[in-house]
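Working notes, beginning with the structure itself.
The values are calculated or read from the model by the stated rules, or taken from the named source; none is laboratory data. All of these numbers come straight from a predicted model, not from anything done at the bench. Note that we place each Cβ from the backbone using ideal geometry, even for glycine, and neighbour counts take in every protein chain shown. These accessible areas exclude ligands, DNA and RNA; they are computed on the full protein's heavy atoms, side chains included. Shrake-Rupley method; radii C 1.70, N 1.55, O 1.52, S 1.80 Å.
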Amino acid sequence: MTTIPTSAPSATKTLGGTQLARDIRAGVTSAAAELTLLGLPPRLAVVAATDDESSAWYVSSIAKAAAKSGIVCDVVDLGAGATPQGIRAELEKLSADPAVHGIILQTPLPAGANFEDLAASIAPDKDVDGANPVSLGRLAAGLPAYAPATAAAVLALLDHHEVPLAGRTGVVVGRSNVVGKPAAQLLLQRDATVTICHRHTRNLDHYTRTADVLVVAVGRPGLITAQHVAEHTVVIDVGTNPTDDGGLVGDVDETSVSGRVAGLTPVPGGVGPVTTALLLHHTIQSASRSQHS
Ligand code: NAP
(Lines give C-alpha, C1' and ligand atoms only; values in the text may rest on other atoms or scores of the structure.)
Protein backbone atom coordinates (compact mmCIF):
# COMPACT_ATOMS: atom_id res chain seq x y z
CA MET A 1 0.00 0.00 0.00
CA THR A 2 1.21 3.50 -0.76
CA THR A 3 1.25 6.17 1.87
CA ILE A 4 1.00 9.83 0.93
CA PRO A 5 3.78 11.88 2.53
CA THR A 6 2.52 13.53 5.70
CA SER A 7 5.39 15.91 6.43
CA ALA A 8 4.60 19.61 6.41
CA PRO A 9 4.66 21.12 2.90
CA SER A 10 7.78 23.10 2.05
CA ALA A 11 8.25 25.76 -0.62
CA THR A 12 8.28 24.52 -4.21
CA LYS A 13 10.35 26.55 -6.66
CA THR A 14 8.69 27.19 -10.02
CA LEU A 15 11.21 26.28 -12.72
CA GLY A 16 9.94 28.45 -15.56
CA GLY A 17 11.24 28.26 -19.11
CA THR A 18 10.15 31.57 -20.62
CA GLN A 19 13.21 33.63 -19.65
CA LEU A 20 15.58 30.86 -20.77
CA ALA A 21 13.69 30.58 -24.08
CA ARG A 22 13.96 34.36 -24.54
CA ASP A 23 17.73 34.23 -23.92
CA ILE A 24 18.24 31.37 -26.39
CA ARG A 25 16.13 33.13 -29.01
CA ALA A 26 18.07 36.37 -28.59
CA GLY A 27 21.26 34.43 -29.42
CA VAL A 28 19.52 32.77 -32.37
CA THR A 29 18.35 36.13 -33.74
CA SER A 30 21.79 37.70 -33.71
CA ALA A 31 23.44 34.58 -35.18
CA ALA A 32 20.76 34.39 -37.90
CA ALA A 33 21.41 38.03 -38.83
CA GLU A 34 25.16 37.38 -39.07
CA LEU A 35 24.69 34.27 -41.21
CA THR A 36 22.27 36.11 -43.49
CA LEU A 37 24.81 38.91 -43.96
CA LEU A 38 27.34 36.26 -44.96
CA GLY A 39 24.92 35.10 -47.66
CA LEU A 40 23.88 31.98 -45.74
CA PRO A 41 20.31 32.59 -44.56
CA PRO A 42 19.48 29.81 -42.08
CA ARG A 43 16.60 27.71 -43.36
CA LEU A 44 14.36 25.21 -41.61
CA ALA A 45 11.91 22.88 -43.39
CA VAL A 46 8.94 21.30 -41.62
CA VAL A 47 7.39 18.36 -43.44
CA ALA A 48 3.78 17.66 -42.46
CA ALA A 49 1.36 15.02 -43.75
CA THR A 50 -1.70 15.41 -41.58
CA ASP A 51 -4.88 17.43 -41.18
CA ASP A 52 -4.61 17.22 -37.38
CA GLU A 53 -5.50 20.64 -35.94
CA SER A 54 -3.11 20.65 -32.98
CA SER A 55 -0.30 19.65 -35.30
CA ALA A 56 -1.17 22.55 -37.62
CA TRP A 57 -1.11 24.89 -34.62
CA TYR A 58 2.30 23.58 -33.55
CA VAL A 59 3.76 23.91 -37.06
CA SER A 60 2.50 27.46 -37.41
CA SER A 61 3.95 28.38 -34.00
CA ILE A 62 7.38 27.05 -35.10
CA ALA A 63 7.12 28.93 -38.40
CA LYS A 64 6.23 32.18 -36.58
CA ALA A 65 9.04 31.76 -34.05
CA ALA A 66 11.52 31.05 -36.85
CA ALA A 67 10.43 34.08 -38.87
CA LYS A 68 10.69 36.30 -35.78
CA SER A 69 14.28 35.14 -35.28
CA GLY A 70 15.30 35.63 -38.91
CA ILE A 71 15.23 31.94 -39.88
CA VAL A 72 13.47 31.09 -43.13
CA CYS A 73 10.91 28.37 -42.44
CA ASP A 74 9.36 26.33 -45.26
CA VAL A 75 6.30 24.33 -44.29
CA VAL A 76 6.00 21.45 -46.76
CA ASP A 77 2.43 20.26 -46.38
CA LEU A 78 2.05 16.95 -48.19
CA GLY A 79 -1.53 16.45 -46.98
CA ALA A 80 -3.06 13.61 -44.96
CA GLY A 81 -3.18 11.43 -48.07
CA ALA A 82 0.59 11.40 -48.52
CA THR A 83 2.25 8.01 -48.99
CA PRO A 84 5.37 6.85 -47.13
CA GLN A 85 7.19 6.92 -50.48
CA GLY A 86 6.14 10.53 -51.07
CA ILE A 87 7.24 11.60 -47.58
CA ARG A 88 10.57 9.80 -47.94
CA ALA A 89 11.21 11.41 -51.34
CA GLU A 90 10.56 14.87 -49.85
CA LEU A 91 12.90 14.23 -46.91
CA GLU A 92 15.61 13.00 -49.29
CA LYS A 93 15.18 16.05 -51.50
CA LEU A 94 15.47 18.44 -48.55
CA SER A 95 18.44 16.51 -47.16
CA ALA A 96 20.27 17.00 -50.46
CA ASP A 97 19.42 20.71 -50.73
CA PRO A 98 22.42 22.79 -49.56
CA ALA A 99 20.15 25.79 -48.81
CA VAL A 100 18.25 23.78 -46.14
CA HIS A 101 19.91 23.48 -42.72
CA GLY A 102 17.24 21.89 -40.54
CA ILE A 103 14.49 19.35 -41.25
CA ILE A 104 11.60 18.41 -38.99
CA LEU A 105 9.17 15.58 -39.70
CA GLN A 106 5.89 16.48 -38.02
CA THR A 107 3.60 13.91 -36.40
CA PRO A 108 1.06 12.39 -36.66
CA LEU A 109 1.79 10.65 -39.94
CA PRO A 110 -0.75 8.92 -42.21
CA ALA A 111 -1.67 5.32 -41.36
CA GLY A 112 0.99 2.94 -42.61
CA ALA A 113 3.81 5.47 -42.32
CA ASN A 114 6.39 4.68 -39.61
CA PHE A 115 8.02 7.72 -38.03
CA GLU A 116 11.45 6.24 -37.25
CA ASP A 117 11.62 4.50 -40.62
CA LEU A 118 10.92 7.76 -42.49
CA ALA A 119 13.05 9.94 -40.20
CA ALA A 120 16.00 7.74 -41.18
CA SER A 121 15.88 9.68 -44.48
CA ILE A 122 16.71 12.98 -42.76
CA ALA A 123 20.43 13.75 -43.14
CA PRO A 124 21.87 13.46 -39.59
CA ASP A 125 23.63 16.84 -39.94
CA LYS A 126 20.22 18.48 -40.61
CA ASP A 127 18.32 16.39 -38.08
CA VAL A 128 17.69 19.34 -35.74
CA ASP A 129 14.98 17.50 -33.80
CA GLY A 130 16.96 14.29 -33.35
CA ALA A 131 14.39 12.17 -35.17
CA ASN A 132 16.72 9.97 -37.23
CA PRO A 133 17.46 6.78 -35.25
CA VAL A 134 21.13 7.42 -36.10
CA SER A 135 20.96 10.57 -33.92
CA LEU A 136 19.55 8.57 -30.97
CA GLY A 137 22.25 5.93 -31.48
CA ARG A 138 25.01 8.54 -31.59
CA LEU A 139 23.60 10.12 -28.44
CA ALA A 140 23.68 6.75 -26.69
CA ALA A 141 27.26 6.20 -27.87
CA GLY A 142 28.34 9.62 -26.60
CA LEU A 143 29.03 10.93 -30.12
CA PRO A 144 28.03 14.41 -31.32
CA ALA A 145 24.39 14.48 -32.46
CA TYR A 146 21.34 16.68 -32.23
CA ALA A 147 19.20 15.50 -29.32
CA PRO A 148 15.45 15.83 -29.82
CA ALA A 149 14.70 19.43 -28.88
CA THR A 150 12.32 18.46 -26.05
CA ALA A 151 14.89 16.20 -24.39
CA ALA A 152 17.53 18.91 -24.83
CA ALA A 153 15.07 21.39 -23.27
CA VAL A 154 14.77 19.20 -20.15
CA LEU A 155 18.54 19.42 -19.63
CA ALA A 156 18.69 23.11 -20.51
CA LEU A 157 16.02 23.86 -17.89
CA LEU A 158 17.84 21.83 -15.23
CA ASP A 159 21.08 23.70 -16.00
CA HIS A 160 19.36 27.07 -16.11
CA HIS A 161 17.93 26.48 -12.64
CA GLU A 162 21.28 25.08 -11.44
CA VAL A 163 19.99 21.65 -10.50
CA PRO A 164 22.98 19.35 -9.84
CA LEU A 165 22.98 16.09 -11.79
CA ALA A 166 26.26 14.22 -11.23
CA GLY A 167 25.76 11.39 -8.78
CA ARG A 168 22.04 12.23 -8.39
CA THR A 169 19.15 9.91 -9.06
CA GLY A 170 17.22 10.64 -12.27
CA VAL A 171 13.93 8.91 -12.97
CA VAL A 172 12.30 9.29 -16.38
CA VAL A 173 8.67 8.24 -16.82
CA GLY A 174 8.04 7.54 -20.52
CA ARG A 175 10.36 5.84 -23.01
CA SER A 176 9.47 7.32 -26.39
CA ASN A 177 12.30 7.84 -28.86
CA VAL A 178 11.54 11.56 -29.00
CA VAL A 179 11.46 12.37 -25.28
CA GLY A 180 11.91 9.65 -22.65
CA LYS A 181 14.86 7.71 -24.06
CA PRO A 182 16.94 10.70 -25.17
CA ALA A 183 16.21 12.56 -21.89
CA ALA A 184 17.48 9.48 -20.03
CA GLN A 185 20.61 9.39 -22.22
CA LEU A 186 21.30 13.06 -21.59
CA LEU A 187 20.93 12.59 -17.81
CA LEU A 188 23.27 9.61 -18.02
CA GLN A 189 25.82 11.68 -19.97
CA ARG A 190 25.76 14.10 -17.05
CA ASP A 191 26.58 11.30 -14.60
CA ALA A 192 23.15 10.91 -13.05
CA THR A 193 22.04 7.39 -12.07
CA VAL A 194 19.05 6.80 -14.29
CA THR A 195 15.91 4.67 -14.12
CA ILE A 196 13.35 4.59 -16.95
CA CYS A 197 9.71 3.77 -16.18
CA HIS A 198 6.90 3.00 -18.61
CA ARG A 199 3.41 1.56 -18.93
CA HIS A 200 4.48 -1.84 -17.59
CA THR A 201 6.37 -0.51 -14.57
CA ARG A 202 4.90 -1.95 -11.40
CA ASN A 203 4.67 0.31 -8.36
CA LEU A 204 5.60 3.45 -10.27
CA ASP A 205 5.67 5.48 -7.05
CA HIS A 206 8.36 3.18 -5.62
CA TYR A 207 10.74 4.45 -8.33
CA THR A 208 9.58 8.03 -8.66
CA ARG A 209 9.97 8.68 -4.92
CA THR A 210 13.69 7.87 -5.21
CA ALA A 211 14.20 10.66 -7.77
CA ASP A 212 16.30 13.75 -7.21
CA VAL A 213 15.21 14.68 -10.72
CA LEU A 214 11.91 13.31 -12.03
CA VAL A 215 11.18 13.77 -15.74
CA VAL A 216 7.60 12.93 -16.69
CA ALA A 217 6.81 12.48 -20.41
CA VAL A 218 3.68 10.38 -20.73
CA GLY A 219 0.66 12.39 -21.92
CA ARG A 220 -1.65 11.53 -19.01
CA PRO A 221 -2.91 14.41 -16.89
CA GLY A 222 -2.74 13.82 -13.14
CA LEU A 223 -0.47 10.76 -13.41
CA ILE A 224 1.99 12.10 -10.86
CA THR A 225 0.58 13.08 -7.47
CA ALA A 226 1.91 13.63 -3.94
CA GLN A 227 2.34 9.88 -3.44
CA HIS A 228 4.94 9.77 -6.25
CA VAL A 229 7.31 12.44 -4.98
CA ALA A 230 9.71 13.30 -2.18
CA GLU A 231 10.64 16.70 -0.78
CA HIS A 232 14.06 16.68 -2.47
CA THR A 233 12.60 15.94 -5.93
CA VAL A 234 12.83 18.39 -8.80
CA VAL A 235 10.05 17.59 -11.28
CA ILE A 236 10.23 18.36 -14.99
CA ASP A 237 6.76 18.00 -16.45
CA VAL A 238 7.03 17.41 -20.20
CA GLY A 239 3.40 16.38 -20.67
CA THR A 240 1.10 18.62 -22.67
CA ASN A 241 -2.55 17.66 -22.44
CA PRO A 242 -5.28 19.89 -23.86
CA THR A 243 -8.16 20.68 -21.49
CA ASP A 244 -11.84 21.09 -22.38
CA ASP A 245 -11.62 24.87 -21.90
CA GLY A 246 -8.84 25.21 -24.47
CA GLY A 247 -6.00 25.25 -21.92
CA LEU A 248 -3.06 22.94 -21.39
CA VAL A 249 -2.02 20.82 -18.41
CA GLY A 250 0.96 18.59 -17.80
CA ASP A 251 1.18 15.03 -16.46
CA VAL A 252 1.78 16.22 -12.92
CA ASP A 253 -1.06 17.15 -10.58
CA GLU A 254 0.29 20.54 -9.64
CA THR A 255 -2.08 21.06 -6.72
CA SER A 256 -1.22 17.70 -5.23
CA VAL A 257 2.60 18.00 -5.45
CA SER A 258 2.87 21.73 -4.75
CA GLY A 259 4.72 22.27 -1.47
CA ARG A 260 5.86 18.64 -1.49
CA VAL A 261 8.69 18.88 -4.04
CA ALA A 262 11.77 21.07 -4.33
CA GLY A 263 10.93 22.35 -7.81
CA LEU A 264 8.37 21.97 -10.59
CA THR A 265 8.17 23.22 -14.17
CA PRO A 266 4.89 24.93 -15.08
CA VAL A 267 2.69 23.83 -17.98
CA PRO A 268 2.47 25.91 -20.06
CA GLY A 269 5.62 28.02 -19.72
CA GLY A 270 8.14 25.31 -18.81
CA VAL A 271 9.58 22.81 -21.28
CA GLY A 272 7.48 24.01 -24.26
CA PRO A 273 9.03 27.42 -25.01
CA VAL A 274 12.56 26.06 -24.46
CA THR A 275 11.87 23.25 -26.94
CA THR A 276 10.95 25.70 -29.70
CA ALA A 277 13.94 27.92 -28.91
CA LEU A 278 16.30 24.93 -29.08
CA LEU A 279 14.90 23.79 -32.43
CA LEU A 280 15.88 27.18 -33.80
CA HIS A 281 19.23 27.06 -32.00
CA HIS A 282 19.99 23.66 -33.56
CA THR A 283 19.12 25.09 -36.99
CA ILE A 284 21.62 27.90 -36.43
CA GLN A 285 24.27 25.39 -35.37
CA SER A 286 23.63 23.38 -38.53
CA ALA A 287 23.78 26.49 -40.74
CA SER A 288 27.04 27.62 -39.08
CA ARG A 289 28.60 24.20 -39.57
CA SER A 290 27.58 24.13 -43.23
CA GLN A 291 29.87 27.13 -43.81
CA HIS A 292 32.87 24.94 -43.11
CA SER A 293 31.79 21.81 -44.95
P1 NAP B 1 4.38 8.74 -26.35
O2 NAP B 1 5.20 8.42 -27.55
O3 NAP B 1 2.93 8.43 -26.37
O4 NAP B 1 5.04 7.97 -25.11
C5 NAP B 1 4.42 7.96 -23.86
C6 NAP B 1 5.22 7.11 -22.92
O7 NAP B 1 4.53 7.08 -21.67
C8 NAP B 1 5.38 5.65 -23.37
O9 NAP B 1 6.73 5.26 -23.19
C10 NAP B 1 4.45 4.88 -22.44
O11 NAP B 1 4.93 3.60 -22.07
C12 NAP B 1 4.47 5.74 -21.20
N13 NAP B 1 3.27 5.55 -20.39
C14 NAP B 1 1.97 5.54 -20.79
N15 NAP B 1 1.14 5.34 -19.75
C16 NAP B 1 1.94 5.21 -18.66
C17 NAP B 1 1.67 4.98 -17.28
N18 NAP B 1 0.43 4.84 -16.81
N19 NAP B 1 2.73 4.89 -16.44
C20 NAP B 1 3.99 5.02 -16.89
N21 NAP B 1 4.31 5.27 -18.19
C22 NAP B 1 3.28 5.35 -19.06
O23 NAP B 1 4.49 10.27 -25.95
P24 NAP B 1 5.69 11.32 -26.18
O25 NAP B 1 5.75 11.73 -27.60
O26 NAP B 1 6.92 10.84 -25.51
O27 NAP B 1 5.11 12.56 -25.37
C28 NAP B 1 4.85 12.48 -23.98
C29 NAP B 1 4.16 13.74 -23.53
O30 NAP B 1 5.05 14.84 -23.76
C31 NAP B 1 2.88 14.09 -24.29
O32 NAP B 1 1.98 14.74 -23.41
C33 NAP B 1 3.35 15.07 -25.35
O34 NAP B 1 2.31 15.95 -25.77
C35 NAP B 1 4.40 15.83 -24.56
N36 NAP B 1 5.40 16.49 -25.39
C37 NAP B 1 5.68 17.77 -25.08
C38 NAP B 1 6.64 18.45 -25.82
C39 NAP B 1 6.98 19.86 -25.45
O40 NAP B 1 7.63 20.54 -26.19
N41 NAP B 1 6.56 20.34 -24.28
C42 NAP B 1 7.27 17.82 -26.90
C43 NAP B 1 7.00 16.47 -27.16
C44 NAP B 1 6.05 15.81 -26.39
P45 NAP B 1 5.06 2.39 -23.14
O46 NAP B 1 6.28 2.69 -23.93
O47 NAP B 1 5.20 1.18 -22.26
O48 NAP B 1 3.80 2.40 -23.95
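What's the longest uninterrupted piece of the chain once you rule out the GluC sites (Glu not before Pro) that are loop residues per DSSP with at most 14 other Cβ within 10 Å?
Longest site-free region, per DSSP loop and neighbour criteria: 1-161.
So what's the angle, to the nearest 10 degrees on a 0 to 90 scale, between helix 18-37 and the longest Cα principal axis of the chain?
20 degrees
Identify all aspartates and glutamates with a Cα-Cα distance to Lys93 below 17 Å; exclude those on the same chain that are fewer than 8 residues away in sequence.
Reachable aspartates and glutamates: Asp74, Asp77, Asp117, Asp125, Asp127.
Got a sec? Which residues in the range 38-72 would a label at Ala111 touch, if it sits 7 Å along Cα→Cβ and we count backbone N under 20 Å?
49-55
How tilted is helix 180-189 with respect to the longest principal axis of the chain? Cα atoms for both, answer in degrees (0 to 90, nearest 10).
80 degrees
Percent relative contact order of the range 149-269, based on C-alpha pairs within less than 8 angstrom and at least six residues apart?
After rounding, I find 21 percent.
Just want to confirm a number: the relative contact order over the chain, from Cα pairs under 8 angstrom separated by 6+ residues, in percent.
23 percent
For Arg202 and Arg22, FRET efficiency with R0 = 45 Å and r from the beta-carbon atoms, rounded to 0.05?
0.60
Spin-label point model (7 Å from Cα, Cβ direction): what's the Leu143 to Thr210 distance in nm?
Taking the simple label geometry, Leu143 and Thr210 are separated by 3.2 nm.
Measure off, as a whole percent, the carbon and sulfur share of the 1.4 Å-probe accessible area of the range 149-269, all protein chains present.
After summing per-atom areas, the C and S share lands at 46 percent.
Compute the distance in nm between two label points, each set 7 Å from the Cα along the Cα-to-Cβ direction, one at Ser61 and one at Asp159.
Rounded to a tenth, the inter-label distance reads 2.3 nm.
Would you mind calculating the relative contact order of the range 23-109 from Cα pairs under 8 angstrom and at least 6 residues apart, reporting the percent as a whole number?
43 percent
In degrees from 0 to 90, rounded to the nearest 10, what is the angle of the helix 84-96 Cα long axis to the longest principal axis of the chain?
The helix 84-96 is inclined about 70 degrees to the chain.
Using the Karplus curve 6.51 cos²θ - 1.76 cosθ + 1.60 with θ = phi - 60°, what ³J(HN,Hα) values do you get for each residue of the range 158-172, in whole Hz, with x for Gly and Pro?
Working through the residues one at a time gives 4, 5, 4, 9, 6, 8, x, 10, 4, x, 8, 8, x, 10, 10 Hz.
In nanometres, what is the gap between the two model label sites at Ala230 and Leu38, each 7 Å from Cα along Cα-to-Cβ?
4.8 nm
If you split all Cα-Cα distances of the chain into 5 Å bins from zero, what percentages do you get per bin, shortest first?
1, 6, 12, 16, 18, 16, 13, 9, 5, 3, 1, 0, 0
As a check on your grasp of the helix formula, calculate [θ] at 222 nm for the chain: sum -39500 (n - 2.57) over DSSP H runs of n ≥ 4, divide by the residue count, round to the nearest 500.
Per the formula, -12000 deg cm²/dmol.
At 1.4 Å probe size, with every protein chain present, just tell me what the per residue accessible area of the chain comes to in Å².
47 Å²
Report the longest stretch of the chain that contains none of the trypsin sites (Lys or Arg not before Pro) sitting in a DSSP loop with at most 11 other Cβ atoms within 10 Å.
The segment 1-198 is the longest one with no such site.
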